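As structure tokens, the structure follows; a few thoughts come after it.
The values are calculated or read from the model by the stated rules, or taken from the named source; none is laboratory data. The shown structure was predicted, so the numbers you read here are calculated from the model rather than taken from an experiment. Neighbour counts run over all protein chains shown; Cβ positions are idealised from the backbone, glycine included.
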Amino acid sequence: MDTTPAGPRDAAVLALLYGCGLRRSEAVNLELSDVDLADGTVTVRRGKGGKDRVTYAGNGNLDALQAWAQVRGGDPAPFLAAVDKAGTVRLHRLTPQALYLALRKRAREAGVSSFFTA
């Protein structure tokens, strides 16, 4: 279990991608204001086809988003932020590639033998 800020951030990434059905580009473009931690709504702005949509985080997914929000703080900035090697949260937007690399690292740690993105 990762006790650095990257642990809750990566759990939130998985909650958004798998639990809420977001694409990498949609997840990295979320702002803090797009995630309602009270009711679990996640507003995707300019998603596929340039359309907005609302999705919902339920069960453990909402718990993961709330845990990350507590770690990252309430400053208005991108919801998913970088975590440097010292474990400091840097409130600047992740790139889709950085998100992919974090997922690949977690897959390797979990013993997933093959990891592909669509």
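Pairing each residue of the range 83-105 that is more than 20 Å from Gly73 (Cβ to Cβ) and of a type in the set (Ser, Thr, Tyr) with any residue that is in a helix (DSSP H, G or I) and at pLDDT 90 or above, provided the two are 6+ apart or on different chains, yields C-beta distances under 7 Å for Thr95/Val28; Tyr100/Arg24.
Scanning the range 1-43 for residues that are buried (at least 21 other Cβ atoms within 10 Å of the Cβ), free of Cβ contacts under 8 Å to residues at least 40 places away in the same chain and within 21 Å of Asp75 (Cβ to Cβ) yields a count of 1.
Restricted to the range 72-97, and to residues that are over 19 Å from Cys20 (Cβ atoms) and among the aliphatic types (A, V, I, L, M), which residue is surrounded by the fewest Cβ atoms within 10 Å (Cβ to Cβ)? Ranking the qualifying residues of the range 72-97, first place goes to Ala86. In the set (1) of a type in the set (Ser, Thr, Tyr); (2) modelled with pLDDT of 90 or more; (3) out of contact with any Lys or Arg (no Cβ under 7 Å at 6 or more places or on another chain), Ser114 fails one condition alone, (2). When restricted to residues that are within 16 Å of Pro5 (Cβ to Cβ), of a type in the set (D, E, K, R) and not in a strand (DSSP E or B), the range 74-108 contains 5.
Within the range 42-89, if we keep just the residues that are closer than 16 Å to Glu31 by Cβ and among the basic types (Lys, Arg), the residue that is modelled with the lowest pLDDT turns out to be Arg46. In the range 55-73, the condition of being within 19 Å of Ala6 (Cα to Cα), in a loop (DSSP other than H, G, I, E, B) and either without any contact (Cβ under 8 Å) to a residue 24 or more places away in the chain or touching a Leu at 6+ places or on another chain (Cβ under 9 Å) (or both) is met by at least one residue.
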